[in-house]
Amino acid sequence: EKMELKEIGIEFAHHGEERELNATEKELELFALIIKVIEDYGQKTDDIVLTRNSGNYLSVKIPPSDIARIKYTDRAKWIQLPYSAKESGKRYIDEPEDILSFKDDIVAHYYLAMANKLLGY
């Protein structure tokens, strides 16, 4: 079942030095899946935005902190959890649904980003 981004109320941020989103369809699907994972844990996702701070990847964030960085093109398919203890935190995936195998880590990064917002970082 394919999720329509409009249906789940996703907002895209364009402010500051951020670039045009230029997201692939699979990157938008990945973003929608991250939102769903967080909502499935009973958390609100109103503060989450998708931005492109770098030409290289998209940031899923609760400003100013990243929850995850994503890239899904023909040549590169990965999600990076920036606070991960595993090397760079980058995990290579074949399909967006592959992130479901580490959804607890994604939710933990959501909590870290929310804590940073609440603490004023």
Looking at region 79-104, I want the residues that are basic (Lys, Arg) and have a partner that is open to solvent by less than 40 Å² (accessible area, probe 1.4 Å) with Cβ atoms under 7 Å, at least 6 apart or on another chain. Which pairs are those? Lys90/Trp78; Lys90/Gln80; Arg91/Trp78; Arg91/Ile79; Arg91/Phe102; Lys103/Val37
When region 55-110 is examined, which residues are found to be of a type outside the set (Asp, Glu) and at positive phi? Gly89
Taking Lys44, is it open to solvent by 50 Å² or more (accessible area, probe 1.4 Å), under 13 Å from the mean Cα position of the chain (by Cα) and without any contact (Cβ under 8 Å) to a residue 60 or more places away in the chain? no
For Lys90, which of the numbered conditions (1) over 13 Å from Thr24 (Cβ atoms); (2) at pLDDT 95 or above fails to hold? (2)
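The values are calculated or read from the model by the stated rules, or taken from the named source; none is laboratory data. All figures in this text were calculated on a predicted structure; none of them were measured in a lab. Virtual Cβ from ideal backbone geometry, glycine too; neighbours counted across all protein chains shown. Note: areas computed on protein heavy atoms with side chains; ligands, DNA, RNA excluded. Shrake-Rupley method; radii C 1.70, N 1.55, O 1.52, S 1.80 Å.
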